[in-house]
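The values are calculated or read from the model by the stated rules, or taken from the named source; none is laboratory data. Bear in mind the structure is a predicted one, so any value in this text is a computation, not a measurement. In this analysis, Cβ positions are derived from the backbone assuming ideal geometry, glycine residues included, and neighbour counts consider all displayed protein chains.
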Amino acid sequence: MSMILLIEQLLNGLQSGLMLFLMAAGLTLVFGVMGLINLAHGSLYMVGAFACAGVAAATGSFWLGLAASIAAAAAAGAIVEVAVIRRLYARDHLDQVLATFALILIFSEGTRWLYGSFPLYLNVPPSLSGSVTLPGGIQYSLFRLAIIGAGLAVAAGLFLLIGKTRIGVQVRAGEADREMIAALGVDIRRLYTLVFALGAALAGMAGALVGTIQSVQVGMGEPVLILAFVVIVIGGIGSIKGALIGALLVGVTDTMGRVLLPSAFALVMETSAATSMGAALASMAIYILMAMVLIVKPGGLFGARA
Amino acid sequence: MAEPILDIHHLSKSFGALKATDDVSLDLRAGEIHALIGPNGAGKSTLIKQISGEISPDAGEVRLNGRSLAGIDAAGRARAGMARSFQVSSVAPEFTVLQNVMLAAQGASGATFRFFRPVMRDAGLLKTARDCISQAALSGRADVPAAELAHGERRKLEIAMALALKPMLFLLDEPMAGMGTEGATALGDLLDRLRQRAPILLVEHDMDAVFRLSDRVSVLVYGRIIATGTPDEIRADREVQRVYLGEEA
Amino acid sequence: MSAVEITAPGRRAGRMGRAQIVNVALALGLVGFGLGAWATGETFLITLATKVAILGIAGAGLNLVLGFGGLVSFGHAAYFGLGGYASGILAHHALNYTPMFEWPFVFEGSTSMPVIWITAMLVGALAALLIGALSLRTTGVYFIMITLAFGQMIFYFAISWPAYGGEDGLPIYVRNGFPGLNTLDPIQFFGLACAVLFAVLGVTAMLVRSRFGLALQAARQNRQRLMAVGIRPGGVLLVAFVISGAITALAGALYADLNRFVSPSMLSWHLSGELLVFLILGGTGRLFAPLAGAGLYIVLEHLLGGVSDHWQFFFGLMLLGVVLFARGGVIGFLAGGKRNG
């Protein structure tokens, strides 16, 4: 296990963690402010990826595609919020789970109807293609580095938004006491739509970026959604900071686990058994991490409300 | 003098910088109604929760019949005979009055993990439940779902449930709240009868009821007990007048 | 039965009568459909009816903790899949003559359904005990997400563990046997599945009416009140969770036998979601909801699937409509009475 490979995987973990953060931030905001569990978040991720692929193919510009992904996801989020989500705030969690599960079916099957089941591919824009030599002689994909940069920028932006702006104050107050801010005259409906659309935009952006590295296909948002849930559970519902730390933990654990565990097992058992044990354990690693956090802190690391 | 049923020693609880309960000591003797009064924000709810086991105190102890309750949770204290009613009625809304009281009787019996026989045919539990329902003057409403009860009836339901717990003491949190005069008087008469069964620690705002029914009154202000005594003593106490009863005294 | 329905017999006879009539109708409908398919030689339809019965059993397991206990478990596919794999693994070893383990005694697997069912239920119960003990430390949304995550954990494990097929799944070449029956005969297997279904529903009814059931339903309605009468909600809910895991695992074992195949898809969260959907379609908290819901779902899948490849799109719209506007499900619509959940 060379140092170079290790660092490369660490960077990959960072990159996947930051994209996971984009998903988790939206989810945790929606839950923290509106008290709503939203399974359709993964569908918004998918919408962003498809929008990017569609517009990039039509115009030849990745950047336009990226802008489209954010806009499309935000718009889809706003529409869904007004049409459906709004009716769910007063309902119990089971209703929210089932209604948003229905939305997943609608989005997934609808997308399959439009685009078919075969994956689409996005091309990395020429300005960001190829690799860069990092200090220490490590070659790393420039695009992935750009993703890391984008993720950090979004994180900084979110902290500023929540911490320093009026909207941010409303969001934080809403998380603390929903009835109160309504009584204080804040336009709740507008705030909720805004928060939901913001979360959607983040998801869509993540979908476009990750879709470029991997591929764009129906159902791509679902594994990410579940990981985002794990992140929120670890980090604590309602906490952006928790979402960031949780996402980084999950991203790094997952990536490093897949790389290190089979090798670790290879030290004590023969290769084929080691690979299978290692892979199996690696796939469970994140959930084991989650279970351990819960044993110690049932509300998550930075849980505002249990 | 016989040992008090409930003995609270030097209870303290802080939330960050806020000292919600400040070195509170009081006791509850057999056959008495001991009222706990105090202005809003005095810390009555926090104190009640420490007694019932929902919150654990930072310092001090609560003893029931001489036995320390440290480390015993709310369910354990209920089984030990501490019967509580809530400031905001807390019942099982879909269950009928009868089912709610059966539940309490079941809890008191300690035998919940029975899987085979239908509970609503359990003669022993049914008898206990119906007795308690009639004592709380709710007999005609036994088959009404709790959600459909009037406010006053829900208060009485909580009393019926408390009775079904075979209580050593009652811990009642503003049972008169939201009751009209007639309802409050009837409830007061009920409490008067109940005290023979088990003493009552009564948190109340309704001053008429407090002074009519209680044998002793304790006044809680900013988490501290500033006075304990008979209703007349309290009425005459200068500091209580100043702090709580205000200019009306 | 809903909470209202467990009041002393004779009370609210009107409402209780209607629900019971609906339940009997559903049971007769299922059996009648299977017999009718057999009489007309439509083997495929018998298999469909068997599928309804088995999914009904799975739903009944979930109904215990969700409909009556109020726990939104989004990971019940874990137990379904574990039951299926119990069946598959035991049969695999028996049919290949390779021992499963040799200490403390040589065990070569089994192709006998009673043995497999007991094993499946034990495995399901144990998994539910472990998962439940951890998950019940949380409430609300955390609980939902955690049960989902644990389900995923087992799903990914099954995919990456190569010994039993991994992603490709594990075939069961010969359907396991039940003493006295020819389980390969579709109508006999259907009869067996129905018998198990009605037994499970009967057990559920017994549990709900018992002291334990009273405490469980109270845990759903008001945990604070349950504590205040001296009963700890956690203990009651955990026991319900364990029983529920065993029942759903039993369904999984039957399902694996029905398809003669077990795969990680039995562990997927889509299945967990479908189980939830059955219950809301049927009417959460109603005793026969799992049967009504599974039946409705399978019928819709069959009918709509015949019309369009994209039937799930329409099903999603329909489900959304049900959640938003028709909360009581099929049984709520037919039988009326107070809703639960």
Would you check which residues across region C:146-184 are away from chain A (no Cβ under 14 Å) and among the hydroxyl-bearing types (Ser, Thr, Tyr) and list them?
C:TYR173, C:THR183
Restricting attention to region A:284-297, does a residue exist that is surrounded by fewer than 24 Cβ atoms within 10 Å (Cβ to Cβ), within 12 Å of another protein chain (Cβ to nearest Cβ) and not in a helix (DSSP H, G or I)?
yes
Considering every residue within region B:46-64, establish whether at least one is free of Cβ contacts under 8 Å to residues at least 24 places away in the same chain and surrounded by fewer than 19 Cβ atoms within 10 Å (Cβ to Cβ).
yes
Kindly provide the set of residues from region C:47-101 that are in contact with an Asp or Glu (Cβ under 7 Å, 6 or more places away or on another chain) and crowded, with 24+ Cβ neighbours inside 10 Å, ordered by number.
C:SER87
I want to confirm something. Restricting to region B:83-98 and keeping residues that are facing chain C (nearest Cβ under 7 Å) and out of contact with any Asp or Glu (no Cβ under 8 Å at 6 or more places or on another chain), which single residue is surrounded by the fewest Cβ atoms within 10 Å (Cβ to Cβ)?
B:PRO93
Show me the helices (runs of 4 or more DSSP H) found entirely inside region B:106-208 where at least 2 residues are over 30 Å from B:GLY66 (Cβ atoms) and within 13 Å of chain C (Cβ to nearest Cβ).
B:123-135, B:151-164
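Might you let me know whether region B:156-165 holds any residue that is farther than 25 Å from C:THR204 by Cα, in contact (Cβ under 8 Å) with a residue 12 or more places away in the chain and among the acidic types (Asp, Glu)?
Looking for residues that are farther than 25 Å from C:THR204 by Cα, in contact (Cβ under 8 Å) with a residue 12 or more places away in the chain and among the acidic types (Asp, Glu), one finds at least one in region B:156-165, hence yes.
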Look at region A:251-285 and say how many of its residues are touching a residue at least 40 places away in the same chain (Cβ under 8 Å) and over 25 Å from C:GLY151 (Cβ atoms).
3
Tabulated pairs, region A:99-120, first within 7 Å of chain C (Cβ to nearest Cβ) and without any contact (Cβ under 8 Å) to a residue 24 or more places away in the chain, second in a loop (DSSP other than H, G, I, E, B) and of a type in the set (D, E, K, R), C-beta under 8 angstrom, 6+ apart or interchain
A:ALA99/A:ARG91
Condition check: touching a Ser or Thr at 6+ places or on another chain (Cβ under 9 Å) and within 14 Å of another protein chain (Cβ to nearest Cβ). Does C:GLY124 satisfy that?
no
Among the candidates C:ILE231, C:ILE280, which residue alone is within 14 Å of chain B (Cβ to nearest Cβ) and either of a type outside the set (A, V, I, L, M) or crowded, with 23+ Cβ neighbours inside 10 Å (or both)?
C:ILE231
Can you tell me how many residues within region C:305-333 are more than 9 Å from every other protein chain (Cβ to nearest Cβ), surrounded by 17 or more Cβ atoms within 10 Å (Cβ to Cβ) and among the hydrophobic types (A, V, I, L, M, F, W, C)?
2
Taking the criterion of being within 18 Å of B:LEU98 (Cβ to Cβ), among the polar types (S, T, N, Q) and out of contact with any Pro (no Cβ under 9 Å at 6 or more places or on another chain), would at least one residue in region C:214-229 satisfy it?
yes
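Would you point out the residue of region C:63-99, among those that are polar (S, T, N, Q) and either assigned to a helix (DSSP H, G or I) or touching a strand residue (DSSP E or B) at 6+ places or on another chain (Cβ under 7 Å) (or both), that is farthest from C:ILE154 (Cα to Cα)?
In this case the residue turns out to be C:ASN96.
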What do you reckon, is C:ALA125 modelled with pLDDT of 75 or more, aliphatic (A, V, I, L, M) and either assigned to a loop (DSSP other than H, G, I, E, B) or closer than 17 Å to C:TYR164 by Cα (or both)?
no
So for region A:257-273 (the condition being under 18 Å from C:GLU167 (Cα atoms) and either aliphatic (A, V, I, L, M) or in contact with a Leu (Cβ under 6 Å, 6 or more places away or on another chain) (or both)), does at least one residue qualify?
yes
Any hit, region B:50-64, residues being part of a helix (DSSP H, G or I), among the aliphatic types (A, V, I, L, M), under 23 Å from B:GLU174 (Cα atoms) and in contact with a Leu (Cβ under 8 Å, 6 or more places away or on another chain):
yes
Check region A:209-218 and report whether any residue there is within 14 Å of chain C (Cβ to nearest Cβ), over 24 Å from A:GLY149 (Cβ atoms) and touching a Ser or Thr at 6+ places or on another chain (Cβ under 6 Å).
yes
Only one residue in A:LEU249, A:LEU244, A:LEU267, A:LEU260 is surrounded by 18 or more Cβ atoms within 10 Å (Cβ to Cβ), more than 9 Å from chain C (Cβ to nearest Cβ) and out of contact with any helix residue (DSSP H, G or I) (no Cβ under 6 Å at 6 or more places or on another chain). Which one?
A:LEU249
Would it be correct to say that B:LYS156 is under 18 Å from the mean Cα position of the chain (by Cα), surrounded by fewer than 21 Cβ atoms within 10 Å (Cβ to Cβ) and of a type in the set (Lys, Arg)?
no
Return the total of residues in region C:282-321 being of a type in the set (Val, Ile, Thr) and more than 24 Å from C:VAL24 (Cβ to Cβ).
1
Residues being in contact (Cβ under 8 Å) with a residue 60 or more places away in the chain and either crowded, with 20+ Cβ neighbours inside 10 Å or touching a helix residue (DSSP H, G or I) at 6+ places or on another chain (Cβ under 8 Å) (or both): count how many of those fall in region C:193-213.
12
Would you mind stating whether B:ALA105 is more than 14 Å from the chain's Cα centre (by Cα), surrounded by fewer than 15 Cβ atoms within 10 Å (Cβ to Cβ) and among the aliphatic types (A, V, I, L, M)?
no
Here is a list: A:GLY54, A:GLY17. Which entry is within 20 Å of A:LEU209 (Cβ to Cβ), of a type in the set (Gly, Ala, Ser) and over 18 Å from the mean Cα position of the chain (by Cα)?
A:GLY54
If we keep just the residues of region C:132-145 that are in contact (Cβ under 8 Å) with a residue 12 or more places away in the chain and closer than 30 Å to A:TYR89 by Cβ, which is farthest from the other protein chains (Cβ to nearest Cβ)?
C:GLY132
Do any residues in region C:8-29 that are over 17 Å from C:ALA49 (Cβ atoms) and surrounded by 15 or more Cβ atoms within 10 Å (Cβ to Cβ) have Cβ atoms under 9 Å from those of residues that are modelled with pLDDT of 50 or more and of a type in the set (Val, Ile, Thr), where the two are at least six apart or on different chains, and which pairs are they?
C:ARG11/B:THR96; C:ALA19/C:ILE331; C:VAL22/C:VAL330; C:VAL22/C:ILE331; C:ASN23/C:ILE331
Can you tell which of C:ALA249, C:ALA240 is within 24 Å of C:TYR85 (Cα to Cα), part of a helix (DSSP H, G or I), at pLDDT 95 or above and within 14 Å of another protein chain (Cβ to nearest Cβ)?
C:ALA240
